[in-house]
Amino acid sequence: MKTLLITTGIILLTGLISAQDTSSVDMYKIAFFSKDASGVFKEMKGEVVTNGDNTPTSFDLRIQTASINTGNGIQNKHAKSSEWFHSEKYPEIVFKSSKIVTNDEGVFAQGNLVLHGVSKIITLPLSITTNDLHHVYKAKFTVDRADYQLGPKSKVSPSIKIIAAVSIKK
């Protein structure tokens, strides 16, 4: 009897584990906006784990800071410098979720954002859409520069608005 219970438990656990799909990010867009500068990051890698449909169970996303593009070469160089992103020392911005929460207000990814060497737990509101080929996960949020010791203390906008969208193939 004990063996039957253990075997049944292992089979159920295996079924739950195999019900999750890990997919590499297929397409993405990471854009930022402030009164002083706006642009995109052109390089990102990551994975999204789903429960077999379009509902995510976790995110592991890595943006290359040296891929910043503001549309202005001098501004790009300045953004990569030690005053801002310090791309040589901090080559990645990382978001790794710890849990996905669904409630009456929507779907939220809670996790750790590491930016400029500073790690903070944040909650991102997600919108989820699906088309014929992809599941698309989009988040709009604001980063307070002072929280991450990013940029000079004065003269520029204290926050940066971020729109991030990642998609995985169905």
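The values are calculated or read from the model by the stated rules, or taken from the named source; none is laboratory data. What you are looking at is a predicted structure, and each value in this text was computed from that prediction instead of being measured. Ideal geometry is used to build each Cβ from the backbone, glycine not excepted, and the neighbour counts take in all protein chains shown.
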M27 versus (1) closer than 24 Å to P158 by Cβ; (2) of a type in the set (A, V, I, L, M); (3) surrounded by fewer than 17 Cβ atoms within 10 Å (Cβ to Cβ): which is the lone unmet condition?
(1)
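How many residues does the stretch 120-140 hold that are within 21 Å of K169 (Cα to Cα) and among the charged types (D, E, K, R)? Spell out how you get there, then give the answer.
So in the stretch 120-140, the residues within 21 Å of K169 (Cα to Cα) come out as 126-139.
Okay, now just the ones that are also among the charged types (D, E, K, R), so 132, 138.
Residues that pass the stated criteria total 2.
It is to be established whether one or more residues within the stretch 107-115 are within 20 Å of the chain's Cα centre (by Cα), over 21 Å from A165 (Cβ atoms) and either part of a strand (DSSP E or B) or not small (G, A, S) (or both). Before the answer, list the steps.
Quick first cut of the stretch 107-115, residues within 20 Å of the chain's Cα centre (by Cα) only: 107-115.
Okay, now just the ones that are also over 21 Å from A165 (Cβ atoms), so none.
No, the stretch 107-115 contains no residue that is within 20 Å of the chain's Cα centre (by Cα), over 21 Å from A165 (Cβ atoms) and either part of a strand (DSSP E or B) or not small (G, A, S) (or both).
For the subset of the stretch 79-106 comprising residues that are in a strand (DSSP E or B) and of a type in the set (S, T, N, Q), which member is nearest to I163 (Cα to Cα)? Show your work before the answer.
Let us first name the residues in the stretch 79-106 that are in a strand (DSSP E or B), namely 92-103, 106.
Checking the rest, the ones that are also of a type in the set (S, T, N, Q) come to 97-98, 102-103.
On the way: S97: 17, S98: 20, T102: 20, N103: 22 Å.
Among them, the one singled out is S97.
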What are the residues in the stretch 101-135 that are closer than 30 Å to S87 by Cβ and modelled with pLDDT under 95, if any?
H134
All but one of (1) in contact (Cβ under 8 Å) with a residue 60 or more places away in the chain; (2) in a strand (DSSP E or B) hold for K140; which doesn't?
(1)
Write out, first by first residue and then by second, each pair whose Cβ atoms fall under 9 Å of each other, whose residues are 6+ apart or on separate chains, and whose first residue, in the stretch 145-170, is in contact (Cβ under 8 Å) with a residue 60 or more places away in the chain while the second is of a type in the set (V, I, T) and in a loop (DSSP other than H, G, I, E, B).
V166/V25; S167/V25; I168/V25
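With respect to V118, determine if the residue is among the aliphatic types (A, V, I, L, M), touching a helix residue (DSSP H, G or I) at 6+ places or on another chain (Cβ under 8 Å) and either surrounded by fewer than 17 Cβ atoms within 10 Å (Cβ to Cβ) or on the phi < 0 side of the Ramachandran plot (or both).
Values: among the aliphatic types (A, V, I, L, M): yes; touching a helix residue (DSSP H, G or I) at 6+ places or on another chain (Cβ under 8 Å): yes; either surrounded by fewer than 17 Cβ atoms within 10 Å (Cβ to Cβ) or on the phi < 0 side of the Ramachandran plot (or both): yes.
Here the answer is yes, as V118 does meet what is asked.
Looking only at residues that are part of a loop (DSSP other than H, G, I, E, B) and among the acidic types (D, E) in the stretch 39-59, which one is modelled with the lowest pLDDT?
Step one: filter the stretch 39-59 for residues part of a loop (DSSP other than H, G, I, E, B), giving 42-43, 51-55.
Those left that are additionally among the acidic types (D, E): 43, 53.
On the way: E43: 97, D53: 71.
Filtering first and then ranking leaves D53.
Rundown of residues vs (1) at pLDDT below 95; (2) surrounded by fewer than 17 Cβ atoms within 10 Å (Cβ to Cβ), yes/no style:
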| residue | (1), (2) |
| --- | --- |
| I10 | yes, yes |
| F32 | no, no |
| A37 | yes, no |
| L61 | no, no |
| T65 | no, no |
| H78 | yes, yes |
